[in-house]
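Have a look at the structure below before the remarks.
The values are calculated or read from the model by the stated rules, or taken from the named source; none is laboratory data. It should be emphasised that the depicted structure is a prediction, and the values quoted were computed from it without experimental measurement. So basically every Cβ, Gly included, is an ideal-geometry build from the backbone, and we count neighbours across all protein chains shown. These area figures cover heavy atoms from the full protein model, side chains too; ligands, DNA and RNA do not enter into them. Shrake-Rupley method; radii C 1.70, N 1.55, O 1.52, S 1.80 Å.
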Amino acid sequence: MRNRGGDKYMRRARIIGVGSYHPKNLITNEELSKRIGEPISINFEKKVGILQRYITGPDESTADLAYEAAKRALEMANVSPKDIDLIILATDTPEYITPPTSAIVQGRLGAINAGFFDINASCAGFAGSLAVASKMIMADDSLNKVLVIGAYNMSKFVDYNTPGLSAIFADGGGAVVLTSTEEDAGFLASKFIGDGTQYDFLGIYDGGAKNPFRKGNPKDQLLTSLKPLPPDRNLKMWPPLVKEVVEKAGYKVKDIDHIFFTQINKSVILEVMDTLGLDRSKTTTIMEKYGYTGSACLPMALDDAVKNNRIKKGDLIVFVGSGVGFSMAASAFIY
C-alpha cells in the first residue's frame, strides 16, 4: 500500500459524485471570426487549444450553471439534496454582489439542511474549495456530505463582437460531492500560494465598493486587461507546486495517476507534463470542446475523465488551479 499523508485523521473526505454542465449556445472559432471581423489564427488554435466555446443566453447565468452541475453530481453520488450538510461555491462571476450565489443554488436544490458560502479565489477557487471542504469534513463530525461547485459565467463580462478576450472565455459549471469516510482514500494534502501585488493585471474593476456601478458606458464594466500577464508564470510555478503538494501527502510526482490543470492553455499543460516527467496521457484537456471555463474547468475536466474511464478507484489525482490576483491552489486526493 502506498505511503500516504494525513494519517493523524480518522475521517477522510472522498469524492463520490461528479457532474458538469455547459449552456447550449455554441460559438465555433469560425463563427467568432465572422463576428469580430478577423480570423482566429491557426497558431492560437494549436497553442491555446480552444476550438469552440459555449456561452449563456440572456436568461441563463451563474446560478443556473451551478445548479445544473450540482444536480448531475448528486445523481452520480446517489445522494439526496436533503442529505447535503454544506454547499461551497467557487466563482468570481457571482449572480449578485450579495447574497451569495450558493444561497440560490441551495434553495433551488431543496438542500434544506445545508449551510452555504461562496469562495472567490478567481480561477484557483475550485482547487482551493476542495481543500477547504475536505478539511472541514475531517475536522467536524457533523459534516458528512459537502457539495463543492465551480461555476463561471464570464461571457456576461466579455464583448463577443471584439477581438482579444472573446476567443478565450466561456461559461460552464462543474461539481463534486464529498463524503466523510474512514477508508484509506480521499483528500491528502493541499497548498496555496499567491501574489496580491498583481491584483491590477486583469479583472472586472467596476461594480464593487471601490468603483460602484455607474450609469454610462457598459464597456466600463467588462473584463479588462490592464497589464500583460507573465506568459511563463504557469510553466515556472506549476511544477514545483505539484511536487510540493504530493510530497506533503507522502508521495512522489511519479506516483501521480492523473492530474488536472486550469484549462487556459493546452501547450503549457503539455509542457508542464513533460517537465514533471509524466506521460501526457495522465492529464485531461477540455478547452478543445468548452473553451476556458475558469473556476468550473477543473470539475468539468474531472467529469470528462470519469465519463471516459480515464481514472479509477484508488488513483492518486491532483488538481492545480491558477487565476488572477494572482492566486494558485493545488489539492491531492486518492480517488
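A few notes on this one:
- Packing-based order for 122-129, 324-331, using average beta carbon neighbours within 10 Å, highest first: 122-129, 324-331
- Built amide H within the under 5 Å cut-off of Ala121, gap 5+: Thr91
- Accessible area (Å², per residue) of the stretch 231-335, counting only protein heavy atoms and a probe of 1.4 Å: 34 Å²
- Helix 233-248 and the longest principal axis of the Cα set of the chain meet at an angle near 10°.
- Cα long-axis angle, helix 297-307 against the chain (0 to 90 degrees, to the nearest 10): 60 degrees
- Here the stretch 182-213 and the stretch 52-112 have alpha carbon centers that stand 19 Å from each other.
- Sites Phe117 and Ala139 - FRET efficiency at Förster radius 22 Å, r taken between beta-carbons, to 0.05: 0.85
- For the stretch 122-139, the Karplus equation 6.51 cos²θ - 1.76 cosθ + 1.60, evaluated at θ = phi - 60°, returns couplings of 6, 7, 8, x, 6, 4, x, 5, 4, 5, 4, 4, 5, 5, 5, 4, 5, 9 Hz by residue, with Gly and Pro reported as x.
- Protein accessible area in the chain, 1.4 Å probe - carbon and sulfur %: 53 percent
- Packing rank of 53-64, 306-317, where each peptide gets the mean count of other beta carbons within 10 Å, highest leading: 53-64, 306-317
- Long-range amide H partners of Gly17 with built H, under 5 Å: Val177
- Under 12 Å, Cβ to Cβ, from Asn29 - net charge with Lys/Arg +1 and Asp/Glu -1: -1
- Peptides 251-259, 205-213 ordered by packing proxy, namely the average of other Cβ atoms within 10 Å per residue, highest first: 251-259, 205-213.
- Net charge of the neighbourhood of Arg53, taken over other residues with C-beta under 11 Å away and scored Lys/Arg +1, Asp/Glu -1, is -2.
- Considering only the chain, percent of DSSP beta bridges that pair antiparallel, nearest 5: 70 percent
- Computed from backbone phi with θ = phi - 60° and the Karplus coefficients 6.51, -1.76 and 1.60, the 3J(HN,Hα) list for the stretch 142-159 is 8, 9, 10, 9, 10, 9, 10, 10, x, 9, 9, 10, 5, 4, 5, 10, 10, 8 Hz; x is used for glycine and proline.
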